[in-house]
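A quick write-up on the structure given underneath.
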Amino acid sequence: MTGTLGPVGLSLAYLRQNRLATALNLLLLALGVAAIAGLALIDSQMQGRLTRDVAGIDLVVGAKGSPLQLILSSVYQADVPTGNVPLSTLEDLRRNPLVREAIPVALGDSYQGFRIVGTTPDYPGHYQATPAQGRMFGAAMEATVGATVARAANLHVGDSFAGSHGLTPGGEVHAHTPYTVVGILAPTGTVVDRLVLTPVESVWAVHAHHHHHDDDGDGDRDGEHDEEHHEEVAGAQPPREVTAILVRYASPLAAARLPRAINSETGAQAASPATELVRLMSLLGAGLDAFRAVGVLLVVTSALGTFVALTNALQQRRYDLAVMRSLGASRARIVLQITVEALLVSGGGTLAGLLLAHGGLALFVALSPKARDFGINPLMVAPAELGLLGLGVVVAAVAAALPAIQAYRTDVARTLAQS
Amino acid sequence: MSPPAPLIHLRGLHHRVAGRTVLDLPDWRVAAGEHGLLLGPSGSGKTTLLQIIAGLLSPTAGQVMVAGQEMTSLDEGVRDVVRGACIGLVFQQLHLVNALTLADNLRLAQRLADYPPDDGRVAQLLNRIGLGDRAHAYPRQLSQGERQRLAIARAVVNRPALVLADEPTSALDDGNCTRLLDLMLEQAAENDATLLIATHDARLKTRLPARLVLTAPALGAVA
Ligand SMILES: Nc1ncnc2c1ncn2[C@@H]1O[C@H](COP(=O)(O)OP(=O)(O)OP(=O)(O)O)[C@@H](O)[C@H]1O
Ligand SMILES: [Mg+2]
């Protein structure tokens, strides 16, 4: 098989001779495979991620608005919140016998693009996140940071940092209410990795200061609070609100009663993550299906292209193949030659496509913070990729079959006598 | 002492194409070392006969003995092996492999005939045909005469007992024609090969005896 004149070496020599056709075929196949593989990668990673983040959360209660937005903002930390609900909503839920667990989520600030989430230790507990260093937050202004945040922002236990207003970088810095890092969480592969966790009271404290400052209307946009202002707000009562409440039911009965009760009897809305997840998937799914169809089309086109190219090459090379026979090569050697050539093209194209998919995904993740938020890892391999490699082999086999049969049947004497 | 078995022995050879007799040779022998020409007008069956001797074509009837092997009774796979090992072919259209360098064209002949690679032999032959410094060139980059010499080098690279050449000189001028025939005779002598040339090139008749003259419509007469 090896050496410059074995089936592989000889195939490479012929492919080199038809560089342009070979390159075009490889490109077509690679693009098709890349489209399909890229989709499979995004699909499997997103599905896994979306389901993991929502696991065990039966209901999300938050301000009225789009239920999908509520789920996206409070469970996936990927959209702006619908608003806030009073703390009494949380207290009511905790007293409700239908509720086993109610975890508050208070949003508003971020640090270097990572969200600061005011909550209770139940929240990381829900995602099985435990401190790899230090401990879980306890008092106000203590922060336990997710693994990704710690790495990206280079935070260590004992460091202190100030959050900035808003969920995207560039907001006003709350310099007078710094957080102290008391712990760093072990990686979980969930949304928690990308969060800064702190007691709800921290968020209230920061916001109390902020509200007052905003109401001042002194146009102080440089983010520095002077000492005078700080004195003024020291006695102000923080607004006791949370952004959303993640609820686990105590019994299946709750599913029938609780959402309706909340939606009709309180000013809040209750959204079911499962329902919204299905809706989100079908929204994404339609787009992904269209993309996938393009990929399949490309692969089919390139399979046809490989077939045409092989048939053409064989037509041009029927003399060469006949000469190989006259030099002592068996029919089997000729069939092997053609099959190896088809496998090289389709295998090369498929591998190039898979590399392209991972490379493209890496680029996508580097350029799009949204993809990063969803925790897409370009190095992760989807099981579908193995299937694609198999498909490459099948494409090669189909493309090679007819030319191989033709070559097998070639009348060497007649071919050699033609000019 | 009985005379040595002939290198080629055809008995009762009969070949029909599309119901028409193309060849009819009751008994024809060529002894080892007996170089010669296969003559006859166009369409008289010269190419057909060479292909039958080489085992590329099965005759309609008759026996084909080559180097002691009954070619017609062999399995196709064995025939491929015998051809690779014992017979060197030079085609009128040359049929060089354009995707490969000159050296690789010769190496391919070694490889497909299951001979161990012998780069010394390849270099020696390329030097002999005046292409020693162009081992890495491709056949397309050669002149017609150079390509013709390469085709002969490929036919003899495995030192076959029998070299069959089909119109090797028809496209060449007198100088090239002489040089080519010299090369073939020299290589045949060096390798103890028997050289059989199918041609209607009159220039060769002064150098080699006719072994067989085929007459249209394809009836053989021993010269
Ligand atoms: N595949 C074929 N189908 C039909 N007839 C064929 C075929 N191959 C050869 N023939 C016929 O067999 C006869 C002998 O052909 P062949 O090629 O052996 O002649 P040749 O002596 O080599 O001629 P030339 O000097 O022109 O090369 C011719 O009449 C030719 O038409
Ligand atoms: Mg002929």
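Computed values, structure above
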quantity	calculated
Whichever residue in the range A:390-419 is assigned to a helix (DSSP H, G or I), within 13 Å of another protein chain (Cβ to nearest Cβ) and touching a helix residue (DSSP H, G or I) at 6+ places or on another chain (Cβ under 7 Å) and, among such residues, is surrounded by the most Cβ atoms within 10 Å (Cβ to Cβ)	A:416
Residue A:118 vs. criteria open to solvent by less than 20 Å² (accessible area, probe 1.4 Å) and within 23 Å of residue A:376 (Cβ to Cβ)	no
Verdict on residue B:67 being in contact (Cβ under 8 Å) with a residue 24 or more places away in the chain, at positive phi and away from ligand 2 (no atom under 16 Å from the Cβ)	yes
Matching entry among B:197, B:152 (being within 16 Å of ligand 1 (Cβ to nearest atom), under 20 Å from residue B:53 (Cα atoms) and not in a loop (DSSP other than H, G, I, E, B))	B:197
Selected residue (criterion: least open to solvent (accessible area, probe 1.4 Å)) from residues of the range B:1-16 that are of a type in the set (Gly, Ala, Ser) and free of Cβ contacts under 8 Å to residues at least 60 places away in the same chain	B:12
Residues that are within 13 Å of ligand 2 (Cβ to nearest atom), open to solvent by less than 40 Å² (accessible area, probe 1.4 Å) and not in a loop (DSSP other than H, G, I, E, B), drawn from the range B:28-64	B:38, B:39, B:46, B:48, B:49, B:50, B:51, B:52
Filter result for residue B:96 (in contact with a helix residue (DSSP H, G or I) (Cβ under 9 Å, 6 or more places away or on another chain), modelled with pLDDT of 95 or more, open to solvent by less than 60 Å² (accessible area, probe 1.4 Å) and more than 16 Å from ligand 2 (Cβ to nearest atom))	no
Unique residue being among the small types (Gly, Ala, Ser), at pLDDT 90 or above and more than 12 Å from ligand 1 (Cβ to nearest atom) when the list is B:68, B:62, B:77	B:62
Unique residue being more than 8 Å from every other protein chain (Cβ to nearest Cβ), among the basic types (Lys, Arg) and open to solvent by less than 50 Å² (accessible area, probe 1.4 Å) when the list is A:292, A:317	A:317
Subset of the range B:114-142 [crowded, with 17+ Cβ neighbours inside 10 Å and under 15 Å from residue A:320 (Cα atoms)]	B:138, B:139
Check on residue B:154, without any contact (Cβ under 8 Å) to a residue 60 or more places away in the chain and either within 13 Å of chain A (Cβ to nearest Cβ) or within 13 Å of the chain's Cα centre (by Cα) (or both)	no
Index of the failed condition, residue A:60 passing every other in (1) crowded, with 21+ Cβ neighbours inside 10 Å; (2) more than 30 Å from residue A:113 (Cβ to Cβ); (3) of a type in the set (Val, Ile, Thr)	(2)
Verdict on residue A:346 being within 14 Å of chain B (Cβ to nearest Cβ), surrounded by 22 or more Cβ atoms within 10 Å (Cβ to Cβ), touching a residue at least 12 places away in the same chain (Cβ under 8 Å) and small (Gly, Ala, Ser)	no
Condition met for residue B:103 (in contact (Cβ under 8 Å) with a residue 24 or more places away in the chain, more than 9 Å from every other protein chain (Cβ to nearest Cβ), in a loop (DSSP other than H, G, I, E, B) and under 20 Å from residue A:320 (Cβ atoms))	no
Hits in the range B:169-186 - residues which are within 16 Å of ligand 2 (Cβ to nearest atom) and more than 14 Å from chain A (Cβ to nearest Cβ)	B:169
Condition broken by residue B:77, with the remaining ones in (1) touching a residue at least 12 places away in the same chain (Cβ under 8 Å); (2) at the interface with chain A (Cβ under 10 Å from one of its Cβ atoms) satisfied	(1)
Meets criteria (away from ligand 1 (no atom under 16 Å from the Cβ), touching a strand residue (DSSP E or B) at 6+ places or on another chain (Cβ under 6 Å) and away from every other protein chain (no Cβ under 12 Å)) for residue B:82	no
Residue identified as within 14 Å of chain B (Cβ to nearest Cβ) and either β-branched (Val, Ile, Thr) or without any contact (Cβ under 8 Å) to a residue 40 or more places away in the chain (or both) among A:329, A:362	A:329
Matching residues in the range B:17-27 - criterion: being surrounded by 15 or more Cβ atoms within 10 Å (Cβ to Cβ) and within 16 Å of ligand 2 (Cβ to nearest atom)	B:22, B:23
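Conditions (1) within 12 Å of ligand 1 (Cβ to nearest atom); (2) among the hydroxyl-bearing types (Ser, Thr, Tyr), marked per residue:
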position	(1), (2)
B:4	no, no
B:12	no, no
B:20	yes, no
B:25	no, no
B:37	no, no
B:57	yes, no
B:72	no, yes
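Here is a yes/no grid of residues against (1) touching a residue at least 60 places away in the same chain (Cβ under 8 Å); (2) assigned by TED's automatic domain parsing to the domain that holds residue A:129:
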{"residue": "A:35", "(1), (2)": "yes, no"}
{"residue": "A:67", "(1), (2)": "yes, yes"}
{"residue": "A:76", "(1), (2)": "yes, yes"}
{"residue": "A:79", "(1), (2)": "no, yes"}
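The values are calculated or read from the model by the stated rules, or taken from the named source; none is laboratory data. Quick caveat: nothing in here was measured; it's all calculated off a predicted structure. Heads up, the Cβs are rebuilt from the backbone with ideal geometry, glycines too, and the neighbour counts pull from every protein chain shown. Heads up: the accessible areas ignore ligands, DNA and RNA and are worked out on the full protein's heavy atoms, side chains in. Shrake-Rupley method; radii C 1.70, N 1.55, O 1.52, S 1.80 Å.
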